[in-house]
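Peer 1: Here's a structure for you.
What follows draws every value from the coordinates through simple rules; no lab data is involved. Model, not experiment: these values are computed from the prediction. Using ideal geometry, Cβ is built from the backbone for each residue, glycine included, and neighbour counts are taken over all protein chains shown.
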Amino acid sequence: MSDEIRAQMMGPAMADRTPASPLALAVLSLLEVGPLHPYGLQRLIRLWGKDAVVNVGQRAGLYKTIARLERAGLVAVRQTERDQRFPERTVYELTDAGRRQGREWLEDMLASPRNEFPRFPAALSFAMLLGPRDLVALLQRRATALRERVAELDRELGEYAHLPRVTLIESEYQRAVVGAELDWVDAVAADLRSGALTWSHEDLSGLAAGDAG
């Protein structure tokens, strides 16, 4: 039985149990270009700047994702390349099931907001454990990093402004999100400095005792 037939038989049932992830979507999307080995996939993700939104820092994670997609019948082994200059490389191709699943994931990720539980809001939910002075110092440090990121994104958008807008749309989104976060952090820091936002451990302890009782 060929890999393609096996993938078509396994695809629908297995794909239903295969969770979507940004890296899995990137693999399926890049294989639309044509068959690639894992190094080629990693190289394209970085070359096209997708590593800013897809975590491909550890190649082991990429191999695990490809193995998961292969078990689900979404990708299949096309061939194994042997060259004395390089280690043996397995080339993967997209199956019909993988093409359908990739499109479904793409449409769902674009249309459906999800709470992805990022670290910053989680930390903010316990910022009350710090004093206002400590919190404003930390937010000022964050604002400095955010300004650097805004400048970096502005340079990127300017450098590649000759490309079709859709090829940079994720950077455009990041610029809007980071800019909005910077504005919010600056505003909260200003309220902390002015005393418009303040609290005491005594007040919070009283609230906690009342809720626990």
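Peer 1: Just the ratio, please: alpha-carbon radius of gyration of the chain over 2.2 N^0.38 Å, N its number of residues.
Peer 2: Taking the Cα Rg and dividing by 2.2 N^0.38 Å, one obtains 1.38.
Peer 1: For Ser125 paired with Arg17, estimate the spin-label separation in nm (one decimal), with each label point 7 Å from Cα along the Cα-to-Cβ line.
Peer 2: Roughly 3.1 nm, to one decimal.
Peer 1: Related question: On a 0 to 90 degree scale, rounded to 10, what angle separates helix 132-159 from the longest Cα axis of the chain?
Peer 2: It is inclined by approximately 40 degrees.
Peer 1: May I pose another question? Using r as the Cβ-Cβ distance of Glu32 and Glu152, and R0 as 45 Å, what FRET efficiency do you calculate, to the nearest 0.05?
Peer 2: The value I calculate is 0.95.
Peer 1: For a quick check: with amide H placed at 1.01 Å from N, whose amide H comes under 5 Å from His37's, ignoring anything fewer than 5 positions away on the same chain?
Peer 2: Placed amide hydrogens put Tyr92 under 5 Å from His37.
Peer 1: With a ≥ b ≥ c taken as the square roots of the eigenvalues of the C-alpha gyration tensor of the range 31-105, please select rounded if a/c is under 1.5 and otherwise prolate if a/b is larger than b/c or oblate if it is not?
Peer 2: Judged from the Cα gyration tensor, the range 31-105 comes out oblate (a/c at least 1.5, b/c at or above a/b).
Peer 1: Give the longest segment of the chain that steers clear of GluC sites (Glu not before Pro) in DSSP loops with at most 14 neighbouring Cβ atoms within 10 Å, not counting the sites themselves.
Peer 2: After excluding every exposed loop site, the longest remaining stretch is 117-213.
Peer 1: If you fit an axis through the alpha-carbon atoms of helix 3-16 and take the longest principal axis of the Cα set of the chain, what angle between them do you get, 0 to 90°, nearest 10?
Peer 2: Its long axis makes an angle of about 30 degrees.
Peer 1: Taking trypsin sites (Lys or Arg not before Pro) as exposed when DSSP calls them loop (any state but H, G, I, E, B) and at most 10 other Cβ atoms lie within 10 Å, what is the longest stretch of the chain free of them, the sites themselves excluded?
Peer 2: 115-213
Peer 1: Taking 0.36 nm per intervening residue step and subtracting the Cα-Cα distance, what contour gain separates Arg165 from Arg89 on full extension?
Peer 2: Going from the current span to full extension adds 23.9 nm.
Peer 1: Sort Leu47, Leu157 so the one with the fewest other Cβ atoms within 10 Å of its own Cβ comes first.
Peer 2: Result, fewest neighbours first: Leu47, Leu157.
Peer 1: Using Cα atoms only, what is the angle between the long axis of helix 38-47 and the major principal axis of the chain, expressed in degrees (0 to 90) to the nearest 10?
Peer 2: Rounded to the nearest ten degrees, it is 50.
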